[in-house]
Amino acid sequence: MINLTNISKRYGRQILFVETSFQLNPGEKVGLVGPNGSGKTTVFRMIAREEVPDEGVVSVPRRTTIGYFRQDIGEMAGGSVLDETIAGSGELGELHHELKDLELAMGDPERAGEMEKILHRFGEVLDAYQSHGGYDLEARAREVLQGLGFDADQIDGDVGALSGGWKMRIGMARVLLARPDVLLMDEPTNHLDIESILWLEKFIKDYPGAVLLTCHDKDFMNRIVSRIVDIDGGEFLAYTGNYDDFVLQRTIAEANREATFARQQSMLAKERRFIERFSTHASKAAQVQSRVKKLDKIELVEPPRRRRVVEFHFRQPRRSGDQVAELTSLSKAYGRRVVYDDFSLKIRRTERWCVLGCNGAGKTTLLKLVAGTLAPDTGSVRLGANLKVGYFAQQSLEQLNPALTVYEHVQQAFPIENRGVLCNLLGAFQFCGDDVEKPIRILSGEEKSRLVLAVMLFDPPNFLILDEPTNHLDLETKEMLVASLCNFEGTMLFVSHDRTFLRGLSNRVLELQPGSGDGATARPPVIYDGSYNEFVVRTGGEAAGVHG
């Protein structure tokens, strides 16, 4: 269907691709992976005809429709969520809104003189609208929006009142509603909760068109893709299977390349020693010349490329008291929406609580109450002795000083540490080489998240409160973070939509029940005295309220 043939692309001195190719076939689900800056977004932009390669050809068949979900969605304001979704859903959405405009025109007395022209156009648009299944468009739009977490009031509400994360969901709904032949999905799970991720998994698995996606959610990739294309050193390398299959195949391929390289280097060294030893011996001249010619003809094996993953061993925090936090008869409401009603919870040392719940159930509210940035309406939150609290929230990113560079920020936080230690810390969070001199004002949301976490965990608190810490983190950083926190001897309370993070770290689960925010009928949270894995086995589902 779509072919990238012998493409090359560079930006200034940065070379992304060198005469490399891959193909996306009809109905195929493919994961695109590679280090940050390797060119994944550039591939999307070339397929979407927003960029062209320096050399080579990107071939897209005529009449092939392409839907591209990206992190930059532009401004939204002035209409309802439903109208904004339909308006951006492609040709059918345009027909939908043109029909509405024509209906208004037909009822406008001031345009009576244009009525014949208006009626003719109305007939044309109506035929096209019906033939493309337009009359179920609004119902499908509502279904997609509900799947992505919007409730009925939000769907009919003002789009301008929504946060950036919710607008990202509208951007995704537009693309899904358009039903293009090819879906390009750039990090689709970044702003979704688990419930919406599970819905999107099913939607994409059942989608008849081709899908090319990048994603930092390993579970999502494993359940959807049947092939991985890895951007490695300017080349596209294809692997059959899901993400786990790719990791295994790449590991085997790297081991084989290393063994082949080592064997050739050993053989070359042996031949060179013979040449050096006998180059002055007349009796060996023929053999020396023969071996010189042999070496000249040998195709050298390139040394294996290794992706640099910096390990960092974080310090253990000081010991806290056994009783870390006690919530007693807690109540909290926003207007008529009751989030907590007479809720009590004890958090003890070394417990790692993951908090699950659908949108609006009160996950972030709970973390704010425990962190002390929000007061309960009634009841109390009491923290234990010898506590040092570290609270990570998306608002933490706004507190970074934009005038500093990345390195200056960590140096200011830890003035007595030497440069080597601080650069190693930053390397563990993927700030390598010149990245450490980047001004904070130009960092992406992902980079700011990594920087805040790096500073927090260098000298870690003994009580970590984390609200979606894995948002924007790539797979390598996420796995490093989980591995490091596995050895953390403090206490954790966290919200995350990443199942690798949930499985790897939790030993307690707090499920905020669906419906707990519905007026006076707030349903009490449910405590599971075990890990997230045990919660999934016990309930038959991976998210609050999504049980088998």
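The values are calculated or read from the model by the stated rules, or taken from the named source; none is laboratory data. Values in this document were obtained by computation on a predicted structure and should not be read as measured data. Cβ: placed from backbone, ideal geometry, glycine included. Neighbour counts: every protein chain shown.
For the condition over 30 Å from LEU212 (Cβ atoms) and touching a helix residue (DSSP H, G or I) at 6+ places or on another chain (Cβ under 7 Å), GLY157 qualifies. Would you call GLU84 surrounded by fewer than 19 Cβ atoms within 10 Å (Cβ to Cβ), outside any strand (DSSP E or B) and not aliphatic (A, V, I, L, M)? So GLU84 fails the test. Helices (runs of 4 or more DSSP H) fully within region 110-170 that include at least 1 residues being in contact with a Ser or Thr (Cβ under 8 Å, 6 or more places away or on another chain): 137-147, 152-155. Among the residues of region 98-116 satisfying the criterion of being in contact with a helix residue (DSSP H, G or I) (Cβ under 9 Å, 6 or more places away or on another chain) and not charged (D, E, K, R), which is farthest from GLU84 (Cα to Cα)? Here the answer is MET115.
When residues in region 312-351 are screened for being in contact with a strand residue (DSSP E or B) (Cβ under 7 Å, 6 or more places away or on another chain) and of a type outside the set (Phe, Trp, Tyr), 24 of them pass. Checked against the criterion of being at pLDDT below 75 and either in the same structural domain as SER196 (by TED's automatic domain parsing) or touching a His at 6+ places or on another chain (Cβ under 9 Å) (or both), region 95-114 has at least one qualifying residue.
Just one of the listed residues (ALA413, ALA428) is free of Cβ contacts under 8 Å to residues at least 60 places away in the same chain, on the phi < 0 side of the Ramachandran plot and aliphatic (A, V, I, L, M), namely ALA413. Just to be sure, is ALA333 aliphatic (A, V, I, L, M), surrounded by fewer than 15 Cβ atoms within 10 Å (Cβ to Cβ) and either assigned by TED's automatic domain parsing to the domain that holds GLU468 or in contact with a helix residue (DSSP H, G or I) (Cβ under 8 Å, 6 or more places away or on another chain) (or both)? Judged against the criteria, ALA333 is not a match. ILE228 - would you say it is part of a strand (DSSP E or B) and buried (at least 17 other Cβ atoms within 10 Å of the Cβ)? It is true that ILE228 is part of a strand (DSSP E or B) and buried (at least 17 other Cβ atoms within 10 Å of the Cβ).
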